[in-house]
Amino acid sequence: MPAADHPWWTRAVVYQVYPRSFQDSDGDGVGDLGGILQRIDHLADLGVDVVWLSPVYPSPQADNGYDISDYQDVDPLFGTLAQLDQLVAALHARGIRLVLDLVVNHTSDEHPWFVESRSSTDSPKRDWYWWRPPRAGMAAGTPGAEPTNWHSHFSGPTWQLDEASGEYYLHLFAAKQPDLNWENPEVRHAVYAMMRWWLDRGVDGFRMDVINMISKAVAPDGSLPDGPQLPGLPYGDGTPFFSNGPRIHEYLQEMHREVFAGHPEQLLLVGEMPGVTTEQARLYTDPARAEVDMVFQFEHVQLDFEGSKWHPRPLRMRDLKASFGRWQAGLADVGWNSLYWDNHDQPRAVSRFGDDSPRFRRDSATCLATLLHLHRGTPYVYQGEEIGMANHPFTALEQFRDVESLNHHVQAVAHGADPAEVLAVLRRMSRDNARTPVQWDASPNAGFTTGTPWIAVNPDHTEWNAQAQRADPTSVFAHHRRLVALRHDLPVVALGDFTMLLPEHDEVYAFTRSLDGDTLLVVCNVSGSVQDLAGLLPEAVDGEVVLGNLPGDDPAVLRPWEARVLRLPSAAPSGGSP
Ligand code: GLC
């Protein structure tokens, strides 16, 4: 098939905006739609094709907007519906599409649906959520009386007792995020109607929050099973019963028919799917099945977990190669990959997988970006990643804002952990690392706000900011711009076959991409020491440099964190051994 016949998103780069930390326009310390409108040229200059906007809907903000109390409006904190319409128009005028965050595994407990559902056991909306009595023979409220033993993603049990009725409701995330019951067709059709309403307003698709959790493995008698006991906690792992559940494909296909049929060509449908395998992803993203266009998988951002994110260990390069290689191969003939390092749920990649010391920060940020963007799939750039933003130097618990981090601290300390050690882990792994304000310039609040920012600005903004980088052709920003342009310009970057080289090598990440006789060799030194390229991949030495992150030097060596994209004269190299 000619390159132009493949869907537009195979050539696209997506930019994620986390609105509360992007740009504040009214001085309340929280970013807003007015702020995004002010900074739109930054996105256009970067050349991205799509903006994915994290939630701006009315919300009590228990999970920064991932707890929605009205799906069809904008929270005054972020602006107005009219401004959202303006944003759609302003982006479209620059050829950029807008994808909204669709959070329909759960609502806020303040959503009128839940308020109604909770009002009485006879409520017509009672069954819109998961209400269950206490465990047989146990009094409501006693520890262990929860209907299942599942552990919440945000610590504690997944069940919250409602004193008035004596029943519990299910919440896979915070207690203020009750799970919708997708078994009930009224729920599904209410969600589809809401989605059509947004498409009619001109939005270009959805990033679907934890969408592979909407189908729960409920037994015919309405019960839900206990999960295997988790080490060191009085809870079990419920994921086998809510992750990729029995009716998930049916729901997604129904959604496709009800909402997307008619314009699937133009839209972008991305499913966030923790715990998804390549085999499942093939099903979710096979165009013939009409479910979603691509999934967000988590394998590569969990390789540095020793059991859980709160027990991090260094990433082993061969694990990363095995994982990325498996995903590239798994979705080579059917489906499509999403490519990301950073988002609002991950600590900053330059600190986590690169080297954010002054000596290597710029080089490792550009090296990681090159490595990612040259894979086959759609790359996602998270705000600030394009200027090399790093983790925040948090020193005290009071500086954290995220419900996941704060709940974890309470639970870990209650179970005997040393508070100083918990703080050290939060410093490294907390989602708040991704949520500090975008660093626009060197002024006191980095140009983010004239007020008091809702979370502290990283003090390194005096050096690391967009204003400085936009003027510098060697900056992280300039490099990202080149990577976006390369994907637009070269069909081989978007569509070429992928072959992993040197799978066991710990310092050099190398692969080829090939399409119609055009072969690119990508070589990235993911270490702080010089690598002998001539010895490893002799064909690289004579390749024509299409893009690199360091100025030309000896073609036979790779300097620390150097990345090069080379065009090979003929067929792909043999490679494949350490
Ligand atoms: C997704 C979001 C995350 C949120 C969670 C619950 O993982 O990306 O930010 O906390 O779902 O909605």
Discussion item. Roughly how far apart, in whole Å, are the Cα centres of segment 218-251 and segment 91-114?
Written reply: 26
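Average the reciprocal distances over every distinct pair of alpha-carbons in segment 236-312, invert the result, and give the Kirkwood radius in Å. Mind dumping the intermediate values first?
Details: mean 1/r = 0.0716 Å⁻¹.
Kirkwood radius, segment 236-312: 14.0 Å.
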Worksheet entry | Whole-Hz ³J(HN,Hα) from phi, Karplus 6.51 cos²θ - 1.76 cosθ + 1.60, for segment 416-432, glycine and proline x | x, 6, 6, x, 5, 6, 4, 4, 5, 6, 4, 3, 8, 10, 4, 5, 4
Response to the item:
Calc'd 3J(HN,Hα), segment 532-544, phi into Karplus 6.51 cos²θ - 1.76 cosθ + 1.60 (θ = phi - 60°), Hz, glycine/Pro = x, comes to 7, 6, 4, x, 7, 9, x, 5, 5, 5, 9, x, 7
Fill in: Surface/4 of the Cα convex hull for segment 297-357, nm²
4.7
Worksheet item: Rounded to the nearest whole Å², what accessible area per residue is found for segment 1-140 with the 1.4 Å probe?
Response: 34
Worksheet item: Counting only protein heavy atoms and using a 1.4 Å probe, what share of the accessible area of segment 497-568 belongs to carbon plus sulfur, as a whole percent?
Response: 50
Practice prompt. Rounded to the nearest 500, what is the 222 nm mean residue ellipticity of the chain from helices alone, with -39500 (n - 2.57) per DSSP H run of 4+ residues and division by all residues?
Written response: -7500 deg cm²/dmol
Response to the item:
Listed by chain and number, the residues whose amide H is under 5 Å from that of Asp101, excluding neighbours fewer than 5 places away on the same chain and using placed H, are Leu53, Arg207
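Could you state the per residue volume, in Å³, of the convex hull enclosing the Cα atoms of the chain?
Working: hull volume 85.4 nm³, N = 578.
About 148 Å³ per residue, rounded to a whole number.
How much net charge surrounds Trp561 when only the other residues with a Cβ under 10 Å from the Cβ of Trp561 are counted, with Lys and Arg +1 and Asp and Glu -1? Walk me through the numbers before you get to the answer.
Numbers: positive: Arg359, Arg361, Arg362, Arg559; negative: Asp355, Asp363, Glu562.
Once positives and negatives cancel, what remains is +1.
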Worksheet, complete the sentence: Under 5 Å from the placed amide H of Met294, counting only residues 5+ away or on other chains, we find Leu269, Gly271
Worksheet item: Per residue, how much space in cubic angstrom lies within the convex hull of the C-alpha atoms of segment 139-283?
Response: 139
Worksheet item: Where both residues lie in the chain, what percent of DSSP beta bridges are antiparallel, nearest 5?
Response: 60
Worksheet item: What's the longest piece of the chain with no exposed GluC sites (Glu not before Pro), counting a site as exposed if DSSP puts it in a loop and it has at most 12 other beta carbons within 10 Å?
Response: 266-462
Item to complete: In whole angstrom, note down how far apart the Cα centers of segment 115-194 and segment 351-366 are.
Response: 44
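Which percent of the accessible heavy-atom area of segment 63-138 goes to carbon and sulfur, probe 1.4 angstrom? Intermediate values should be presented prior to the final figure.
Numbers: 1550 of 2970 Å².
C and S fraction of accessible area: 52 percent.
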Worksheet entry | Environment charge at His408 (Cβ cut-off 10 Å; Lys +1, Arg +1, Asp -1, Glu -1) | -1
Item to complete: Work out from phi, with θ = phi - 60° and the Karplus expression 6.51 cos²θ - 1.76 cosθ + 1.60, the ³J(HN,Hα) of each residue of segment 547-558, listed in order in whole Hz, and give x for Gly and Pro.
Response: 7, x, 9, 10, x, x, 8, 5, x, 8, 10, 10
Item to complete: Measure nothing fancy, just the Cα-based angle from helix 361-373's long axis to the longest principal axis of the chain, in degrees from 0 to 90, nearest 10.
Response: 80
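What ratio of Cα Rg to 2.2 N^0.38 Å holds for segment 1-128?
1.26
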Discussion item. Let me check against my output: what whole-number percent is the relative contact order of the chain, with C-alpha pairs under 8 Å and at least 6 apart?
Written reply: 13
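Within segment 197-253, which chymotrypsin sites (Phe, Trp or Tyr not before Pro) sit in a loop by DSSP and count at most 16 neighbouring Cβ atoms inside 10 Å? Don't jump to the answer; show the numbers that get you there.
Numbers: sites: Trp197, Trp198, Phe206, Tyr235, Phe241, Phe242, Tyr251; in loops: Tyr235.
Passing sites in segment 197-253 do not exist.
So what is the accessible area of segment 497-568 per residue, in Å², with the probe set to 1.4 Å?
Values: 2650 Å² over 72 residues.
Here the residues of segment 497-568 average 37 Å² of exposed surface.
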Practice prompt. Post the alpha-carbon centroid distance, segment 518-572 to segment 1-77, in whole angstrom.
Written response: 36
Response to the item:
Which residues qualify? For Val50, with a placed amide H closer than 5 Å and at least 5 residues away or on another chain, they are Val13, Tyr15, Arg97
Worksheet item: In Å², what does the accessible area per residue of segment 350-472 work out to with a 1.4 Å probe?
Response: 36
Worksheet entry | Sequence-distant aspartates and glutamates (8 or more away, or on other chains) whose Cα lies within less than 17 Å of Lys321 | Glu299, Asp304, Asp497, Glu504, Asp506, Glu507
Worksheet item: Taking N as the number of residues in segment 497-568, what value does Rg over Cα atoms divided by 2.2 N^0.38 Å take?
Response: 1.01
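If DNA, RNA and ligands are ignored and the probe is 1.4 Å, what is the ranking of Asp554, Asp109, Asp122 by accessible area, most exposed first?
Values: Asp554 70, Asp109 25, Asp122 130 Å².
Ranked list, largest accessible area first: Asp122, Asp554, Asp109.
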Response to the item:
Taking a ≥ b ≥ c as the square roots of the Cα gyration tensor eigenvalues, with a/c under 1.5 meaning rounded and otherwise prolate when a/b beats b/c or oblate if not, segment 232-281 comes out prolate
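Return the FRET efficiency for the residue pair Met138, Asp5: r is the Cβ-Cβ distance, R0 is 51 Å, and the value is rounded to the nearest 0.05.
After rounding to 0.05, the efficiency reads 0.25.
The values are calculated or read from the model by the stated rules, or taken from the named source; none is laboratory data. No experiment lies behind these values; they were computed from the predicted model shown. Using ideal geometry, Cβ is built from the backbone for each residue, glycine included, and neighbour counts are taken over all protein chains shown. SASA here: full protein model, heavy atoms, side chains in, ligands and nucleic acids out. Shrake-Rupley method; radii C 1.70, N 1.55, O 1.52, S 1.80 Å.
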